[in-house]
1. Would the range 433-455 turn up any residue that is outside any helix (DSSP H, G or I), within 16 Å of the ligand (Cβ to nearest atom) and either modelled with pLDDT of 95 or more or assigned by TED's automatic domain parsing to the domain that holds A266 (or both)?
2. Are any of the residues in the range 158-180 surrounded by fewer than 23 Cβ atoms within 10 Å (Cβ to Cβ), among the charged types (D, E, K, R) and closer than 21 Å to Q333 by Cβ?
3. If you go through the range 419-445 one residue at a time, how many are more than 18 Å from L304 (Cβ to Cβ) and in contact with a strand residue (DSSP E or B) (Cβ under 7 Å, 6 or more places away or on another chain)?
4. Filter the range 358-375 for residues that are near the ligand (Cβ under 9 Å from one of its atoms) and not hydroxyl-bearing (S, T, Y) and give the result.
5. Looking only at the range 274-285, decide whether some residue is touching a strand residue (DSSP E or B) at 6+ places or on another chain (Cβ under 7 Å), among the charged types (D, E, K, R), open to solvent by 30 Å² or more (accessible area, probe 1.4 Å) and not assigned by TED's automatic domain parsing to the domain that holds F181.
6. Name the strands (runs of 3 or more DSSP E) wholly inside the range 367-431 in which the number of residues that are open to solvent by less than 10 Å² (accessible area, probe 1.4 Å) and at pLDDT 95 or above is 2 or more.
7. Somewhere in the range 443-450, is a residue closer than 17 Å to A259 by Cβ and crowded, with 22+ Cβ neighbours inside 10 Å?
8. Output the residues belonging to the range 335-366 that are farther than 22 Å from F307 by Cα and surrounded by fewer than 17 Cβ atoms within 10 Å (Cβ to Cβ).
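The values are calculated or read from the model by the stated rules, or taken from the named source; none is laboratory data. Keep in mind that what you see is a predicted model, and the values were worked out from it rather than measured. Using ideal geometry, Cβ is built from the backbone for each residue, glycine included, and neighbour counts are taken over all protein chains shown. Heads up: the accessible areas ignore ligands, DNA and RNA and are worked out on the full protein's heavy atoms, side chains in. Shrake-Rupley method; radii C 1.70, N 1.55, O 1.52, S 1.80 Å.
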Amino acid sequence: MAADQEMQHIGAEAASFIVVANRLPIDAVVEDDGQVDWTEAPGGLVSALAPVLHGREAVWIGWSGVAADTHSDPVVPPAKMGSYHLVDVPLSTDMVQLYYEGFSNSTLWPLYHDRIVAPEYHRDTWNSYVDVNLQFAEKAAEVAAPGAIVWVHDYQLQLVPSMLRALRPDLRIGFYLHIPFPPAELFLQLPWRQRIVEGLLGADLVGFQTPFGASNFCEVTSLLLGHDFDFDANDGGWIDVASPRRVQVDAFPISIDVASLSELAATPRVQARAKQIRHELGDPQHFLLGVDRMDYTKGIHVRLRAFVELLEDRMLDPATTVMLQIATPSREQVEEYQKLREEIELLVGRAAGAFGEIGEVPLRYMYSGLPHEELAAFYVAADVMLVTPFRDGMNLVAKEYVACQVDDNGSLVLSEFAGAALELPQAWLVNPHSLESVKETIMTAIGTTPDDRRRRMAAMRAYLSEHDVARWAREFLEALEDTRP
Ligand code: GDG
């Protein structure tokens, strides 16, 4: 049944809780005969929202991931997933190129991540961003019951709150940004800066990963619109007192499903697989691991260079040390991502030539994704996890590694510029812009005493067990429900 038909089935304007995100939580699988099949795409957001989606007339609005004009038959995603309904926002190949690869990933993504690569400013990609945001807002306006709660996610949809507010003033709208919100001196470069700020102010609650993101947003709103913010020490957060709805701005650090990942990591199956992985790697004395989407924000080449230099300096022994970098393919149509992949693969190739004995290569690399359980086994197997982004909203990999250290073993080397660093100060914090400091920190993490390692890991695990993703979703939604009577 098509999504529209299904919505008629549950009744127009029937949804009391709506998630609006760029992607639906499903993936298309194209069969040999060209038929498109769909699988559930389990991810952080899906598991975070499962408890709140369950038991309500809930709808998830998003794009299916397949351009609408690429198949001869129309691409129709399933109308329901588990207990909630799916509403597809069909995007053409052009829209995907302009709105998604263009404005979202070649303008906003680099600008919001400290201009690690130069953002591109093009009017046609901006225009498409506006059009697509309007499509999302219209879908939400169509399906929302009176007074419904709508939770809009991430940088691709920053205009949706105000567009939706104009269509449906009765709704309670929350917005959450998963990536950093940059400081004023960066954000103000954006030609359409005021439109973005006004777009976000359509929400009742605007949430960020860290207090820095929240205060950067308040600052640019004051600079561009002259709004004043009061800090509310009781409820937490800043209140835009100039806005008639008193928009609330606050930090809600996202997390993971700590209990279920720890449980998985502790199973005999995963523990045995972790031992087997170490064996397959030649039973090294030290196993260092990196896991990231292949993205220039993640500082993958910094840690590879640091590792290679430590081998060259003879600080690490290539016969007894292995580093593995798992890089999941990402945004392969965007030129900067193609360049990054070439750069990383050149580095890995050089290292193999310089250090590899036959059958003994200290630097290993995989350009592919792994099943969830296999990834957990790699986390369990690794002695040192290297998380060195130049800028990262949160970084869930760091938290996942900690959750998997069920024997409180293992060391986390973590960039100061990941949101997670604010919550995990017991990690080995590092400045990824300083190769020397990355090298020194890796050596300190490797050389620390077992007691120190356990003490640090136990503290991080205790913190995370209290601050899981269910708490994140609950706190955001409670704050949203409290924004006005
Ligand atoms: C954005 C923000 C923020 C990776 N490789 C595999 C795999 N993964 C999973 C990890 C983790 C997720 O992908 C990556 O999350 P991150 O948080 O590390 O990074 P982004 O994708 O950039 O996410 C970020 C996040 O949104 C949430 O708000 O933390 O700052 O940039 O969950 O496990 N999963 C599997 N196989 C892989 O090979 N199964």
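1. So the first thing to find is which residues in the range 433-455 are outside any helix (DSSP H, G or I), and the list is 433-434, 448-449.
Remaining after also requiring within 16 Å of the ligand (Cβ to nearest atom): none.
Within the range 433-455 (the criterion being outside any helix (DSSP H, G or I), within 16 Å of the ligand (Cβ to nearest atom) and either modelled with pLDDT of 95 or more or assigned by TED's automatic domain parsing to the domain that holds A266 (or both)), the answer is no, since none of the residues qualifies.
2. Scanning the range 158-180 turns up no residue that is surrounded by fewer than 23 Cβ atoms within 10 Å (Cβ to Cβ), among the charged types (D, E, K, R) and closer than 21 Å to Q333 by Cβ.
3. Here is the first cut: in the range 419-445, the residues more than 18 Å from L304 (Cβ to Cβ) are 419-427, 429, 444.
If we keep only those that are in contact with a strand residue (DSSP E or B) (Cβ under 7 Å, 6 or more places away or on another chain) too, we end up with 419-421, 424, 427, 429, 444.
Within the range 419-445, residues that are more than 18 Å from L304 (Cβ to Cβ) and in contact with a strand residue (DSSP E or B) (Cβ under 7 Å, 6 or more places away or on another chain) number 7.
4. From the range 358-375, those near the ligand (Cβ under 9 Å from one of its atoms) are 366, 368-375; that's our starting set.
Scanning the range 358-375 gives M366, G369, L370, P371, H372, E373, E374, L375.
5. Here is the first cut: in the range 274-285, the ones touching a strand residue (DSSP E or B) at 6+ places or on another chain (Cβ under 7 Å) are 278, 281-282, 284-285.
With among the charged types (D, E, K, R) added as a condition, the list becomes 278.
Restricting the remaining residues to those that are open to solvent by 30 Å² or more (accessible area, probe 1.4 Å) gives 278.
Now drop any that are not not assigned by TED's automatic domain parsing to the domain that holds F181, which leaves 278.
Within the range 274-285, one or more residues are touching a strand residue (DSSP E or B) at 6+ places or on another chain (Cβ under 7 Å), among the charged types (D, E, K, R), open to solvent by 30 Å² or more (accessible area, probe 1.4 Å) and not assigned by TED's automatic domain parsing to the domain that holds F181.
6. Details: elements: 384-387, 411-415, 428-430.
The strands (runs of 3 or more DSSP E) meeting that bar are 384-387, 411-415.
7. Going through the range 443-450, the residues closer than 17 Å to A259 by Cβ turn out to be none.
Looking for residues that are closer than 17 Å to A259 by Cβ and crowded, with 22+ Cβ neighbours inside 10 Å, one finds none in the range 443-450, hence no.
8. E335, Q338
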